[in-house]
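These notes concern the structure reproduced below.
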Amino acid sequence: MTEAVNPSAWVIWGGFVLAFVFGALANKSNFCTMGAISDVVNMSHWGRMRMWFLAMAVAIVGTALLHTQGLIDLTKTIYTRPNVPWLSMLVGGGLFGVGMTIAGGCVNKNLVRVGAGSLRSVVVLVFVAISAYMTLKGLFGQWRASFLDPVVLDLSAWGLAGQTLPQLVAKLTGLSGNSVVWLTAAVVSIGLLLFVLKDKRFRANNLQMVSGVVLGLLVVAAWYLTGHVGHGENPDTMEIVYFATNTRTLESFSFVAPTAFGLELLMLWTDKSLLLTFGIASAMGVVLGSMAYALSAGQFRWEGFASVEDLRTQLLGAVLMGFGGVTALGCTVGQGLSGVSTLAMGSFLVLGSITAGAVATMHYQNR
């Protein structure tokens with residue numbers, strides 16, 4: 001009888017394939033959070049922002065469907081815990097927003113650029129990885145753990161089991177079960193869709209419309225992959241576990257911490273305790289998916305730094321993104337799509353902080 005495939009293999013290869021599509025589509029559609037914010041600030045153009053909001057709406061509805069059908073358990077994610085490290089989220093998100101602006105793009109955008117031939121983005125990602133690792137386990141981590149993370153809002157003291165909007169609505173209204181999840185998801189997603197679809201030009205842009213929907217569905221598929229396919233009994237310990245995730249629970253796309261774990265794996269390759277994970281595989285998938293599209297479209301070209309000043313600002317931005325992304329528990333994708341899809345209040349807080357940091361930096365640059 002054929003031996004069953006290890007769930008870890010499904011999670012890793014599935015994450016790679018989903019991220020491959022994510023990277024190719026992000027390259028083709030020029031999906032970029034920093035670019036979307038810049039378009040609004042500098043040109044009052046909302047096209048890419050609407051694509052981002054559309055992806056959010058789709059991700060919220062799809063994730064709610066998985067949770068209410070019992071296919072995944074969102075209460076287990078890092079985003080929905082009752083303890084809200086609000087200071088870490090504000091500071092980390094703000095610094096990430098500053099960093100991605102002066103670095104010319106978030107971590108996801110730099111992964112896409114690496115696939116398109118940007119040597120500059122290779123250097124940026126190396127410094128993001130070093131900074132992120134220092135924030136996880138090194139010097140920056142000591143600062144984070146000593147000064148930021150202890151400042152926590154404990155929602156369990158208010159009778160909330162977690163920090164999601166449905167749980168808050170349930171507490172305020174007395175509703176319970178799947179109905180409150182669907183009510184909250186419907187209100188948020190319909191609000192986003194009304195804003196997205198009211199623009200005639202955006203409705204006529206098939207590339208951005210399709211890209212927004214597919215990117216949102218990829219976030220949902222990643223939740224299903226790690227939270228359902230990768231959830232089961234460990235044959236060695238007989239414990240129910242989530243296979244091949246760095247957080248040891250279900251995950252969707254997030255790209256800051258995985259760059260650190262990827263660098264650690266490369267540096268300590270012979271350490272058998274370190275394994276390939278969903279996050280590392282998804283980061284690789286974005287790069288190779290972007291490369292596949294760039295090569296097929298004839299857009300692959302080598303790119304370096306324009307000047308020493310360019311190098312200096314990009315590296316500063318990389319360090320800020322590494323520190324900010326880990327401290328805020330995610331980036332523009334990790335919190336802005338994956339976290340928001342869980343309707344976690346902390347994710348909306350981080351998203352607002354990232355946006356504020358980016359907008360403030362853009363105004364400073366323009367001045």
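The values are calculated or read from the model by the stated rules, or taken from the named source; none is laboratory data. Computed from a predicted structure; not experimentally measured. Cβ: placed from backbone, ideal geometry, glycine included. Neighbour counts: every protein chain shown. For the accessible areas, the whole protein counts, side chains as well, though only heavy atoms, and no ligand, DNA or RNA atoms are used. Shrake-Rupley method; radii C 1.70, N 1.55, O 1.52, S 1.80 Å.
Okay, here's what the table says:
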read-out	value
Of all accessible heavy-atom area on the chain, the percent that carbon and sulfur account for (1.4 Å)	66 percent
Percent of C-alpha pairs per 10 Å bin, the chain, short to long	6, 24, 36, 25, 8, 1, 0
Heavy-atom accessible area per residue - the range 150-229, 1.4 Å, Å²	53 Å²
Overall Cα dimensions of the range 274-317, principal axis frame, Å, largest first	36, 34, 13
Using alpha carbons only: equivalent-ellipsoid semi-axes of the range 170-279, gyration tensor based, whole Å	35, 23, 11
Length gained when the stretch LEU194-SER44 is fully extended (0.36 nm per residue, less Cα-Cα span)	52.1 nm
The chain: calculated mean residue ellipticity at 222 nm from DSSP helix runs of at least 4, using -39500 (n - 2.57)	-20500 deg cm²/dmol
Length-normalised contact order for the chain - Cα pairs under 8 Å, 6+ apart - percent	40 percent
Extension gain from LEU275 to VAL308, taking 0.36 nm per residue of separation minus the Cα-Cα distance	8.2 nm
Nearest-10 value in Å² for the accessible area of LYS171, using the 1.4 Å probe	120 Å²
Exposure of ARG312 as accessible area (Å², to 10), given a probe of 1.4 Å and all protein chains	150 Å²
Inter-site label distance for LEU316 and GLN365 at 7 Å from Cα along Cβ, in nm	1.2 nm
Top of VAL340, VAL210, VAL219 by mean-square fluctuation, Gaussian network on the chain, Cα under 10 Å	VAL210
Rounded if a/c under 1.5, otherwise prolate or oblate - the range 125-208, Cα gyration tensor axes	oblate
Mean Kyte hydropathy of 1.0 or more with a Cα span along the axis of at least 30 Å, helices from DSSP in the chain	7-29, 47-68
Fluctuation leader among SER273, SER252, SER121 - the chain, Gaussian network, Cα springs under 10 angstrom	SER273
Sequence of MET43, MET100 when ordered by accessible area, the most exposed leading, probe 1.4 angstrom	MET43, MET100
Whole-angstrom gap from the range 19-88 to the range 143-172, using each part's C-alpha centre	21 Å
Globularity index of the range 1-124, i.e. its alpha-carbon radius of gyration over 2.2 N^0.38 Å	1.31
Per-bin percent of Cα-Cα distances, the range 208-367 [10 Å]	9, 28, 37, 21, 5, 1, 0
HIS231 - accessible surface, heavy atoms, 1.4 Å probe, Å² rounded to 10	80 Å²
Relative contact order [Cα under 8 Å, 6+ residues apart], the range 1-139, whole percent	21 percent
Under 30 Å from the Cα of LYS109 - lysines, other chains or at least 8 residues apart	LYS28, LYS76, LYS137, LYS198, LYS200
Value of Rg to Rh for the range 305-349 (Rh from inverse mean 1/r over Cα pairs, i.e. Kirkwood)	1.19
Per residue value of the accessible surface for the range 320-367 (all protein chains in place, 1.4 Å probe), Å²	28 Å²
Centre separation in Å (Cα based) which lies between the range 206-239 and the range 117-140	26 Å
Rg to Rh quotient for the range 195-250, alpha carbon positions, Kirkwood Rh	1.31
Per residue solvent-accessible surface (Å²) - the range 12-88, probe of 1.4 Å	37 Å²
